[in-house]
Amino acid sequence: MIRAESLCVGYEKRAVVRDADLQIAPGEVVALIGPNGSGKTTLMRALARTLLPLSGTLSLDGRPYNEYPPTEFARRVGYAPQETPVEMGFRVEELVMMGRYPHQRGFWGATAQDDAVVESALEFVGLSHLRHRLISQLSGGERQRVNLARALAQQAQYLLLDEPNAHLDLHHQVQLLSRLREQVAKIGVGVLVSLHDLNLASEYADRVMLMVNGQLVQTGTPNEVLQPDILEEVYHTPTLVRQNPLTGKPLVFPLRAEIIPQLPAEAPFAFVVGGGGSGTELFYPLMEAGWRVGTGVLNLMDTDEEVARTLGLEPIIEQPFSPIGEASFAKACEQACSAHAVVVADVPFGNGNLRNLELVLHACRAGTPVVLLELRPFSERDYTGGRATELWHQIRALGAQVARSYPELLEILSRLARQTCPY
């Protein structure tokens, strides 16, 4: 295991990385993420023993780093830096063969085994056809893959990879990380890889370490670290985090903070009844049209709940898969009755969320204008044995307006705003 304790690293006695505690175990992929300039490369260099720490300890399989001779350390730890000097005069095969140096003896040169290992590394990164090409003739992405091939040729127990996906297209990024995972499963190497792409980190890493301003601030599984509030604080950008439907891993969608409209308190207020993603089609367009937005009762981790929080709204929340309780219902009724308009999205109704439709009826009876979005016959959205349809007809009978499209809905709301709100 590679272990760092209270590690401080920097340049000219100025610390860039401070008080870092970490461990990399065989058989796992750990992703190191964080904004530009957070200290990821400096930390990598210290772990690779190309930069001496200012303080703290580093150990490899229970022994201090400084007890290992350079060749023995290189047989155990492979390092692929971000950049390779292009004017080295070496060919691809020659540079990859340098990874075999820790295994070679004296001046006997490369053996058949060395040649086989180099060939395997070149095949791994897809560069066998460029083996005789000069490094200076390669693209940035190709040079990055040569770096990785050289590290693989070391046949080390641990791999430290500093942004191996830099300059690579999407195909090669996915191919590279997929093959690394195969290596981890096959021979049990431990991998620390720094990545800028949070979704790649989520998909391929067992653990994630988040670095900010030279400090490791969060360590855990992708689900534990890739949380919207954590990411917004670190990257200063609001994010939407969803679950990948195929793998269950978090998917991160960055949003531009400046696109979220800032509305005055006197702006008209629309109370939106949605759920299951139906409200996401309405929240931002309504805000852009000048409406403050509230939501009906949503379950925690519902798509609409996540989007509402991302947009700075304050949804009324119940626990996942829980029915609407009395306290949430009362709070929602109060907001709906005080709104300038209640909007019902194209949401299906079942026993769990039927009370959202009951509060719409309550608001309608209290005189609040109601707009029903009906993109399809309501009967196709009724999973309550007809009870929801009965409520729907009662709401329509009390004068609720029906919109058959999103533009029509916005036009109705525009008229309501002019009639009911001086703003």
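Taking amide H positions as modeled 1.01 Å from N, with prolines and chain starts lacking one, the residues under 5 Å from residue 317 and 5 or more places away or on another chain are 298. Between the listed residues 120, 30, 262, the Cα displaced farthest toward the positive end of the dipole of the chain, a dipole computed from Cβ unit charges relative to the Cα centre, is found at 120. Taking amide hydrogens as placed 1.01 Å from N in the peptide plane, the amide H of residue 343 sits under 5 Å from those of 271, 272, 273, 371, each at least 5 positions away in sequence or on another chain. Each of residue 331 and residue 5 was given a label point 7 Å from its Cα along the Cα-to-Cβ line. The distance between the two points is 4.6 nm. Projecting the Cα atoms of 210, 166, 187 onto the dipole axis of region 161-256, where Lys and Arg carry +1 and Asp and Glu carry -1 at the beta carbon, places 187 farthest toward the positive end. Computed 3J(HN,Hα) for region 149-158, one whole-Hz value per residue from the Karplus formula 6.51 cos²θ - 1.76 cosθ + 1.60 where θ = phi - 60°, is 4, 4, 5, 5, 5, 5, 6, 7, 7, 10, glycine and proline marked x. Please determine, in degrees from 0 to 90 and to the nearest 10, the orientation of helix 387-397 with respect to the longest principal axis defined by the Cα atoms of the chain, where the helix direction is its Cα long axis. Long axis of 387-397 versus the principal axis of the chain: about 60 degrees. Principal-axis analysis of the Cα atoms of the chain puts helix 326-338 at an angle of about 70° to the longest axis. Using only Cα atoms, tell me the angle between helix 112-125 and the longest principal axis of the chain; keep it within 0 to 90° and round to the nearest 10. With both axes taken from Cα atoms, the answer is about 20 degrees. Can you find, among 60, 359, 394, the residue farthest towards the positive end of the dipole of the chain? Put +1 on the C-beta of Lys and Arg, -1 on that of Asp and Glu. About the Cα centre, the residue reaching furthest to the positive side is 60.
When the chain is treated as a Gaussian network with alpha carbon springs shorter than 10 Å, the biggest mean-square fluctuation among 319, 243, 155 belongs to 319. Across region 236-243, computed HN-Hα scalar couplings (Karplus, 6.51 cos²θ - 1.76 cosθ + 1.60, θ = phi - 60°) run 6, 9, x, 10, 10, 10, 10, 8 Hz from first to last residue, x flagging Gly and Pro. In plain terms, the bigger the Kirkwood radius, the slower the diffusion; for the chain, with that radius from Cα pairs, at 10 °C and 1.306 mPa s, Stokes-Einstein puts D at 63 µm²/s. The per residue volume of the convex hull around the alpha-carbon atoms of region 269-423 is 96 Å³. In order along region 345-356, the Karplus-derived 3J(HN,Hα) couplings, from 6.51 cos²θ - 1.76 cosθ + 1.60 at θ = phi - 60°, round to 6, 7, 10, x, 10, x, 5, x, 10, 4, 5, 4 Hz, and Gly and Pro are given as x. Counting only aspartates and glutamates at least 8 places from residue 186 when in the same chain, those with an alpha carbon closer than 13 Å to its own are 28. What number comes out for the charge environment of residue 213, summing +1 per Lys or Arg and -1 per Asp or Glu over other residues with Cβ under 15 Å away? Combined, the nearby Lys, Arg, Asp and Glu give +1.
Length gained on full extension, residue 169 to residue 185: 3.3 nm, using 0.36 nm per residue less the C-alpha separation. Amide H contacts of residue 293 (H built 1.01 Å from N, in plane; Pro and chain starts excluded): 270 sit under 5 Å, all sequence-distant by 5 or more or on other chains.
Report, in debye and to the nearest 20, how large the dipole of the chain comes out about its Cα centre when Lys and Arg carry +1 and Asp and Glu carry -1 on their Cβ. Numbers along the way, then the final one.
On the way: 37 positive and 48 negative charges, 137 e Å.
In debye, rounded to 20, the chain gives about 660.
No lab work stands behind these numbers, since they all come straight from the coordinates. Computed from a prediction, not measured in an experiment: that's the story for all the values here. FYI the Cβ positions are ideal-geometry reconstructions off the backbone, even for glycines, and counts take in every protein chain you see.
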